[in-house]
1. Residues in segment 137-164 that are in contact (Cβ under 8 Å) with a residue 40 or more places away in the chain, closer than 22 Å to residue 25 by Cβ and out of contact with any helix residue (DSSP H, G or I) (no Cβ under 7 Å at 6 or more places or on another chain): how many?
2. Residue by residue through segment 69-98, note down the ones that are crowded, with 21+ Cβ neighbours inside 10 Å and among the charged types (D, E, K, R).
3. Would you mention how many residues in segment 133-172 are among the polar types (S, T, N, Q) and touching a Cys at 6+ places or on another chain (Cβ under 7 Å)?
Amino acid sequence: MLHDFSQIYAVIDPWCGRMPHAPIELDMGCGFGSFTLALARRFPDRLVLGTDLNSNRLRKIEKKAALAGLVNLELLHTTSLPLAGFMLPNACIRRIHLLCPDPWPKGKHRGRRLVTSDFLTRVARVLEPGGILHMSTDHGPYFDALRNTAEGLPFFEPAPEAIAEIADIKTDFERIWTAQGKSVPHAAYRRVER
């Protein structure tokens, strides 16, 4: 279940062959995996991809998935930018979750933020028509930047209703922050053709 980026087609193609119309959900930067595992449990008819750069975290998620008997979860050891840029086929993902990415809050570090118009253009390429981009962060200014970036692109329209069925599923980081009294707002956008 744990793969490196070179195995992406070996992961996606067999799934699409078994269930050609089954949706694929992608949790980019899945961290400790609570959200990813919950998605796989809730939607056994979907392939759930979890990606992270930390292979130790991925191995722990892999063990938890095996204990739970989850056969619809695949883990990829990769980073988000090349994954969206060229590793995934066009229009192959139904819903992408980008939850609590590093906000790089200091002004001099903001250039390292993942969510830019370039990145979201790459994300739009891999989303199927009508597919959903789901983002969240506890950092207010970054949340505003996420929304402004998505809403400034012609291929996204707000779709807050698109995440209602998973509103109760929280990431590990979100649980920590809400326990500290921080709010973690979410935004969702639908991929549209214009």
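Each value in this text was obtained by applying a stated rule to the coordinates, not by laboratory testing. From a predicted model like this one, the values you see are computed outputs, not experimental measurements. When we count neighbours, we look across all protein chains shown, and the Cβ atoms used for this are built from the backbone with ideal geometry, even at glycine.
1. Adding up the residues that qualify gives 4.
2. Those that are crowded, with 21+ Cβ neighbours inside 10 Å and among the charged types (D, E, K, R): 74, 95.
3. Start the filter on segment 133-172 by keeping residues that are among the polar types (S, T, N, Q), which leaves 136-137, 148-149, 171.
Subset that is touching a Cys at 6+ places or on another chain (Cβ under 7 Å): 136-137, 171.
So the count comes out to 3.
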